[in-house]
1. If you line up the long axis of helix 208-226 against the longest principal axis of the chain, both from Cα atoms, how many degrees apart are they, to the nearest 10?
2. With axes computed from alpha carbons, what is the tilt in degrees of helix 145-156 against the longest principal axis of the chain, rounded to the nearest 10 within 0 to 90?
3. For the stretch 37-153, with equal point scatterers placed on the C-alpha atoms only and solvent neglected, what are the log10 I(q)/I(0) values from the Debye formula at q = 0.14, 0.19, 0.20 1/Å, to two decimals?
4. Between Arg100 and Asp196, what FRET efficiency follows from the Cβ-Cβ distance if R0 is 51 Å, with the result rounded to 0.05?
5. Going 7 Å from the Cα of Ser19 in the Cα-to-Cβ direction, what parts of the stretch 137-159 have a backbone nitrogen less than 19 Å from that spot?
6. Calculate the tail of P(r) for the stretch 76-137: the fraction of all Cα-Cα distances greater than 20 Å, expressed in %.
7. Could you order peptides 138-147, 182-191, 67-76, 105-114 by the average number of other Cβ atoms within 10 Å of their residues, highest first?
8. Can you list the aspartates and glutamates whose alpha carbon sits under 16 Å from that of Lys23, skipping same-chain ones fewer than 8 residues off?
Amino acid sequence: MRIDIITIFPDYFAPLELSLIGKARAAGILDIRLHDLRSWTRDRHNTVDDTPYGGGPGMVMKPQPWGEALDAVAGGAGAPPRLVLPTPSGTPFTQERAKRLSDEPWLVFACGRYEGIDARVVADAERRMPVEELSIGDYVLAGGESATLVIVETVSRLLPGVLGNAESAVQDSFAAGAMEHLLEGPVYTKPAHWRDQEVPPVLLSGDHGAVDRWRRHEALRKTARNRPELLRELAARRLHELERSD
Ligand SMILES: Nc1cc(-c2ccc3cc[nH]c3c2)n[nH]1
């Protein structure tokens, strides 16, 4: 997968040189390219923002640098990339959406700042590539860079060869089919006794059936406590499946 990131803060993405993603880049599984938006400014101050039409607080990112940056990065011959634009007003980013994005050969991320990017940039981009405006949660960041890091990490770890043990990707809380979207329960490792706490004996029993039942029970408990709405959705899905099978 190729990933291009356009931002005024390229250094924000230094973490993508580390750990699993850094190794995947070195192995050629991931081709991540950073682009400084200011490279496409034309004035000596490298201006990327201006006051909003209609008044109001803050500044808006100018269309000209973005238009030329997207032309340069995403405008080549061949199939266009999918443009991902993190924004508080976007479609919720979920594990299911991450799975779909992981099937894309080429993603371009546009990292906004200030009050956002002039709306004509998205309208212009939609003429030549699919555009996805995504929110990583109902809170407001200072820019799109953190959201882009979250999306890139979530998507990249689903790519074959990125995680050492593909199984751990399957067992994620929200991975389709793994414990039906339940939250993951507690995990333990050596030593079996630590600061007067014991590892649950079932995990040392060697009885894999009992371990699976215990883990499902703990996942249900955790989900009921922290995300009860997921249990309601699970019940509704089960009911729908039963009614379809009648
Ligand atoms: N889910 C979420 C996205 C954002 C976001 C994304 C881009 C910009 C640009 C300026 N402020 C921004 C905030 N906040 N929260």
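Only the coordinates and a few stated rules stand behind these numbers; no lab work does. Because the structure is a prediction, the values reported are computed rather than measured. Every residue, glycine as well, gets a Cβ built from its backbone with ideal geometry; the counts of neighbours run over all protein chains shown.
1. 50
2. Result, in degrees: 50.
3. -0.60, -1.08, -1.18
4. Values: r = 46 Å, r/R0 = 0.91.
With R0 = 51 Å, the Cβ-Cβ based efficiency is 0.65.
5. From the stretch 137-159, the list is 137, 145-159.
6. Values: 488 of 1891 pairs.
The calculated P(r) of the stretch 76-137 puts 26 percent of pairs beyond 20 Å.
7. Values: 138-147: 15.2, 182-191: 13.0, 67-76: 17.2, 105-114: 21.5.
So the order, starting with the most tightly packed, is 105-114, 67-76, 138-147, 182-191.
8. Asp31, Glu153
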